[in-house]
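Engineer: Here it is, the structure in full.
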Amino acid sequence: MTMKVINTIPEMRRWRQGNSSHTTALVPTMGFLHEGHLSLIREAKEKAELTVVSIYVNPTQFAPGEDLDKYPRDFERDEALCRAEGVDVVFYPSNNEMYPAGHKTYVVTDDLAGILCGQSRPTHFRGVTTIVAKLFNIIRPDTAVFGQKDAQQALIIRRMNTDLNFGINIVTAPIVRETDGLAMSSRNKYLSDQHRKEAAVLYQSLQMARREFESGKRDFVTIKNKMQDHILQNSSANIDYIEYRDAETLDSVNAETESILFLLAAYFGKTRLIDNIILT
Ligand code: AMP
């Protein structure tokens with residue numbers, strides 16, 4: 001089957017109805033695709049007969065003053081990459097298609113949307129859940145694939161899927177990294193050469209946490225302080241947060257916690273990078 005590019009909601013719905021006898025997996029993205037996205041596409045192809053990739057830079061997940069206008073875009077390249085991966089449909093709607101005048105409704109995951117990244121980006125996750133709910137309703141996939149890179153996002157989407165009874169199989173795929181460990185991100189393109197080199201400290205600090213944990217240390221405050229020292233001593237980053245949470249619920253860690261998620265966000269210049277690791 002040759003790949004289709006679909007721009008409108010009615011056409012997307014028609015395609016889905018015409019292929020209703022096949023299982024379909026959705027990979028939502030904001031484009032400017034890299035190996036992290038491609039790994040999600042490969043996962044989607046394993047999970048379902050047909051694969052839809054959405055490419056949409058969603059304005060409601062950016063706050064005023066954030067990087068919506070300069071977010072990198074290259075549709076032709078993305079299209080070629082999707083074709084080479086054997087994607088069936090690229091859904092590439094306009095803003096007017098997704099948010100026609102009069103749009104008023106948002107999906108909010110209480111509590112989860114206000115912590116961690118939600119503290120410095122208070123309207124971010126309601127934008128994410130709203131656009132993902134819309135994509136789920138338009139495309140009605142059997143499976144949807146998200147990256148562990150955005151750990152809080154993946155957990156919020158799982159929560160929304162359960163709470164709103166979408167009944168979609170949510171898959172979380174591992175983080176794909178550059179050779180120095182930096183998590184791949186469309187935003188890495190913003191980094192100066194110096195910041196790009198320095199940014200490896202984030203993964204290094206997470207690896208420090210892993211080593212401490214694996215050697216039996218359970219004093220997470222001390223681990224967090226070591227991570228912070230490593231980042232501050234070896235880069236010019238401004239740390240937004242370093243936190244540890246229950247990897248299933250994002251609750252505070254307690255004696256019953258089975259897997260611990262260490263998450264962090266840091267600014268290199270104006271570029272905000274995030275990363276995380278699960279310790280079990
Ligand atoms: P984005 O285009 O940045 O909104 O990301 C689209 C999807 O790709 C999200 O589910 C991200 O978590 C996922 N993703 C982004 N970067 C990576 C990465 N380095 N490894 C795995 N998944 C990623």
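Since every read-out is calculated from the coordinates, none of them should be taken as a lab result. As the structure is a prediction and not an experimental result, all values here were calculated from the model. Note that each Cβ is placed from the backbone with ideal geometry, even for glycine, and that neighbours are counted across all protein chains shown.
Engineer: Mind checking which of Val107, Gln17, Met1 is farthest towards the positive end of the range 1-132's charge dipole, using Cβ charges of +1 (Lys, Arg) and -1 (Asp, Glu) about the Cα centre?
Structural biologist: The residue sitting most towards the positive pole is Gln17.
Engineer: Along the charge dipole of the range 141-263, which of Leu191, Ile223, Asn238 sits closest to the positive end, that is, farthest toward it, with unit charges on the beta carbon of Lys, Arg, Asp and Glu (+1, +1, -1, -1)?
Structural biologist: My answer, from the dipole projection, is Leu191.
Engineer: Please report how far the C-alpha centroid of the range 1-69 lies from that of the range 239-280, rounded to the nearest whole angstrom.
Structural biologist: 27 Å
Engineer: Do the alpha carbons of any pairs in Lys70/Lys149; Lys189/Lys217; Lys134/Lys197; Lys45/Lys270; Lys70/Lys224 sit beyond 27 Å of each other, and which pairs?
Structural biologist: Distance filter (> 27 Å) returns Lys189/Lys217; Lys134/Lys197; Lys45/Lys270; Lys70/Lys224.
Engineer: Then there's this: What does the C-alpha gyration tensor say about the overall shape of the range 78-155? Classify as rounded when a/c is under 1.5, otherwise prolate if a/b is larger than b/c, or oblate.
Structural biologist: Oblate.
Engineer: Between beta-carbons, use under 15 Å as the cut-off and find the net charge around Ser259, counting Lys and Arg +1, Asp and Glu -1.
Structural biologist: With Lys, Arg at +1 and Asp, Glu at -1, the net is -3.
Engineer: Can you give the extra length, in nm with one decimal, that the chain gains between Thr179 and Arg210 once fully stretched, where that is 0.36 nm per residue apart less the Cα-Cα distance?
Structural biologist: 9.3 nm
Engineer: Determine the gain in length on full extension of the stretch Arg73-Asn169; use 0.36 nm per residue of separation and subtract their C-alpha separation, reporting nm with one decimal. Please list the in-between numbers first.
Structural biologist: Values: separation 96, 0.36 × 96 = 34.56 nm, distance 2.88 nm.
Length gained between Arg73 and Asn169: 31.7 nm.
Engineer: Using a 10 Å cut-off around each Cβ, can you sort His22, His195 from fewest to most neighbouring Cβ atoms?
Structural biologist: In increasing order of surrounding Cβ atoms, one gets His22, His195.
Engineer: To the nearest 20 debye, what is the magnitude of the charge dipole of the range 135-237 about its Cα centre, counting +1 on the Cβ of each Lys and Arg and -1 on the Cβ of each Asp and Glu?
Structural biologist: The calculation lands at about 60 debye.
Engineer: Give me Ser235, Ser259 sorted ascending by neighbouring Cβ count inside 10 Å, so fewest comes first. Walk me through the intermediate numbers first.
Structural biologist: Working: Ser235 21, Ser259 12.
Going from sparsest to densest Cβ surroundings: Ser259, Ser235.
Engineer: Based on DSSP H runs of at least 4 residues, each adding -39500 (n - 2.57), what is the mean residue ellipticity at 222 nm of the chain after dividing by all its residues, to the nearest 500 deg cm²/dmol?
Structural biologist: After summing the helix terms and dividing by residue count, I get -11500 deg cm²/dmol.
Engineer: OK, next. With the contact rule set at Cα under 8 Å and sequence spacing of 6 or more, what percent relative contact order holds for the chain?
Structural biologist: On the way: 458 pairs, mean separation 48.0, N = 280.
Result for the chain is 17 percent.
Engineer: Roughly how many Å is it from the Cα centre of the range 151-203 to that of the range 101-137, as a whole number?
Structural biologist: The range 151-203 and the range 101-137 have Cα centres separated by 17 Å.
Engineer: What is the packing order of peptides 124-136, 241-253, 200-212, taking the mean over residues of other C-beta atoms within 10 Å and listing the highest first?
Structural biologist: Ranked by mean Cβ neighbours within 10 Å, highest first: 124-136, 200-212, 241-253.
Engineer: Please report, in debye to the nearest 20, how large the charge dipole of the chain is about its Cα centre when each Lys and Arg carries +1 at its beta carbon and each Asp and Glu carries -1 there. Before the final figure, lay out the partial values.
Structural biologist: Values: 33 positive and 36 negative charges, 92 e Å.
The calculated dipole for the chain is roughly 440 debye.
Engineer: To continue, here is another question. With each label point set 7 Å from Cα along the Cα-Cβ vector, what nm distance links Asp111 and Gln233?
Structural biologist: Between Asp111 and Gln233, the simple spin-label model gives 3.8 nm.
Engineer: Order of Asp219, Asp240 from fewest to most other C-beta atoms within 10 Å? Show your work: numbers first, answer last.
Structural biologist: Values: Asp219 9, Asp240 17.
Going from least to most buried by this count: Asp219, Asp240.
Engineer: Given a Förster distance of 35 Å, report the FRET efficiency between Tyr267 and Asp219 from their Cβ-Cβ distance, rounded to the nearest 0.05.
Structural biologist: Given R0 = 35 Å and the Cβ-Cβ separation, E is 0.80.
Engineer: Kirkwood hydrodynamic radius (Cα pairs, Å) of the chain?
Structural biologist: Taking every pair of different Cα atoms in the chain, averaging 1/r and inverting gives 19.7 Å.
Engineer: Moving on. Roughly how tilted is helix 220-234, in degrees to the nearest 10 and between 0 and 90, from the longest Cα axis of the chain?
Structural biologist: 90 degrees
Engineer: Rounded, prolate or oblate, given the Cα gyration tensor of the range 121-280, with a/c below 1.5 counting as rounded?
Structural biologist: On the way: a/c = 2.19, a/b = 1.37, b/c = 1.60.
It is oblate, given that a/c is not under 1.5 and a/b is not larger than b/c.
Engineer: Next question, about the same structure. Rank Asp110, Asp150, Asp78 by mean-square fluctuation in a GNM of the chain with C-alpha springs under 10 angstrom and give only the top-ranked residue.
Structural biologist: Maximum fluctuation in the GNM of the chain, among the listed residues, is at Asp110.
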